[in-house]
């Protein structure tokens, strides 16, 4: 059985210049080209949220108004990402 | 035997006989517990053609396989029976705190047959069970009766109670079973069946534990999940006024993609289900004016009064169901409404806000609070009651009903006082209320004069407050063996569940044109089958729909079932169980003469005629073809919906139908 035990706690930053794997739940206006089949994007060590936005081809204006969270917290565009972080774009999802 | 108790309680209300019955392990291995065990038991013991209101019908009240195991968001209980509303399979479920106590009393479920000669309630604890006289609570509303029974059966702690109100006692076919002072297992007419058996309540007082295979593993998994949900919060600036704009954005989206289900948790934590009150007005999710109108008929000036912030302003505390970490429930102060008849009520769900808001063009939020408490106490389904009221208003508008018929009530769109007066009559089966108390299908038959053209139902049951023209997959799920249910699935939920990561045959979703979801295809059919199979597993486990839509990244039912049972099954193997339960429910319908084709949404629900305004203007769904493809891919006859012999054989259901 293929069970993906989800690791929420961000892993320790990779040493040196190792690339980071970021779990990305992108919005439909994003480019999915750089997201792998398991939903991860590889970014260089030291990348910030805005770098990820660029790779997703989020238009410059959108970057400042879009609701996106890192590990489900609202953070600034210059927030440095860590290996294992989860970036989610807000899409309204409700029910009743 | 891990995760389940391995036995049930059987109560014959005619004779008063009460027996425990051992259930073989293989039944749980094939059907889980909850709705699965219910489907197995009812299939075996209710004869074809049984009167739903007669002694041969069986009412089951069941816990879930994962309930009380240390797993999270698995605290829902199920009511199952032959539905008097649809004539076929009936089920409904509810949260609160009742479900674990069923297992703490040593059983997975309680099954009632027969009809008691006088009103009774069942008292059960870890030592045993007995029927007690209920004359003193018969006639009381559900909240009053619960308080009285809790007090008189109290030991060290208050017992948990499932009880019917006046609507169930009066055998209204749209009545449910109530617990936790106003939460309701509302659909399928389960309350009417309980009322027909003169069973006022089930009072449970238990303390037993449920053994599981890997308690340390479950504890670790639950802790990890709880941490994630605890940390997931909407930004503070996120207020109710934003939802109409979000809805508008959604309606303009040409492309959709897979999304993070955890975002749903963030919404539910802060608001509960009520964001759809206004978001659904701009994206078209909310049915308006008895399913025939749109936001054009209920403009922003009106719908903004149902802004979730206005509801939260009355919320005095939030609460969680058993084992839940989201806590979408709340208690609202309403002591200043309508003369202070009620002091507080559960936070009204979106379904109630919509069925007594836009559906009847009512923008009086105070009246919605009042109706919420009135119907919770009476034990009447707000979805079905709201649809029925809207139906009656449209009949009145068209001269089919007159003041002479309604006992002087002038029914008109948006008249909250008239709506309340009509509901009081429905609860008490007084005059026109007796005509309407069994839902729109029965009412239209009684009224005649062409009233059926305004009766919106699916297979006899009034549909939930989500327009499938926004989400065609939801329309396919309306044709479920319990027709008209909205809490099964939809494309928006599928896109968040990531089932394709675990299930080999579940179609993967990345980014696609929204318009693709409107084209009948095998891919959409497989999405529907995957969702319905996973949902029946969820109902077999006692899981919450809102947990299910977090997705397998966050709430992995397969993993939790293995931790509880030790079965070590693959996701695909579990999905076979889900398909087995789903097929057993469909077979129950065909056994009892229900035509699956009658449960395909039609008329206004599918867009015939199409709406002339709003986000869903001009849309008519090709729903017959979508359902046909779903049946075909399921191995059910694509024309009739009857499960094929090969499917019955493959799913090892032969023993059940013999």
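Just so it is clear, none of the values below were taken in a lab; they were calculated from the coordinates. Computed from a predicted model, the values in this text were never measured in an experiment. Every residue, glycine among them, receives a Cβ derived from its backbone with ideal geometry; neighbour counts consider all protein chains shown.
Between the C-alpha center of segment B:520-553 and that of segment B:24-40 there is a gap of 18 Å.
Among B:45, B:335, B:486, a tally of other beta-carbon atoms within 10 Å of each Cβ gives an order, fewest to most, of B:335, B:45, B:486.
A simple spin-label model places the labels of residue B:241 and residue B:118 6.2 nm from each other, with each point 7 Å out along Cα-to-Cβ.
Ranking of B:592, B:554 by neighbouring Cβ atoms within 10 Å, starting from the fewest: B:592, B:554. Across chain B, C-alpha contacts under 8 Å between residues 6 or more apart give a mean separation that, scaled by the residue count, equals a relative contact order of 16 percent.
Can you tell me how segment B:335-493 classifies by the Cα gyration tensor, rounded, prolate or oblate, using a/c under 1.5 as the rounded cut? Oblate, because a/c is 1.5 or more while a/b does not exceed b/c.
Per residue of peptide A:84-92, the mean number of Cβ atoms on other chains within 10 Å of the residue Cβ is 6.
With the Cα gyration tensor of chain B giving a ≥ b ≥ c as the square roots of its eigenvalues, does the rule (a/c under 1.5 for rounded; else a/b larger than b/c for prolate; else oblate) give rounded, prolate or oblate? Since a/c stays below 1.5, the shape of chain B is classed as rounded. Legend: mean number of C-beta atoms from other chains within 10 angstrom of residue C-beta atoms, peptide B:490-499, equals 2.
If you plug the beta carbon distance of residue A:64 and residue B:132 into 1/(1 + (r/R0)^6) with R0 = 51 Å, you get a FRET efficiency near 0.20.
Classify segment A:20-89: rounded, prolate or oblate, from the alpha-carbon gyration tensor (a ≥ b ≥ c, eigenvalue square roots; a/c under 1.5 rounded; otherwise prolate if a/b is larger than b/c)? Rounded. With a Förster radius of 51 Å applied to the beta-carbon distance between residue B:344 and residue A:36, the computed FRET efficiency rounds to 0.50. Take every pair of alpha-carbon atoms less than 8 Å apart whose residues are at least six positions apart; their mean separation over the length of segment B:219-454 yields a relative contact order of 14 percent.
Between residue B:44 and residue B:231, the distance separating the two model label sites (each 7 Å from Cα on the Cα→Cβ line) works out to 4.7 nm. The mean sequence separation of alpha-carbon pairs under 8 Å and at least six residues apart, normalised by the residue count of segment B:1-115, gives a relative contact order of 34 percent. A Förster radius of 45 Å combined with the Cβ-Cβ distance from residue B:20 to residue A:57 puts the calculated FRET efficiency at roughly 0.10. Normalised size of segment B:219-454, defined as Cα radius of gyration per 2.2 N^0.38 Å with N residues, equals 1.10. Here the extension length gained between residue B:309 and residue B:510 equals 69.0 nm, from 0.36 nm per residue of separation less the Cα-Cα distance. Could you list B:20, B:477 so that the one with the fewest beta carbons within 10 Å of its beta carbon is first and the one with the most is last? Placing the least packed residue first, the sequence is B:20, B:477.
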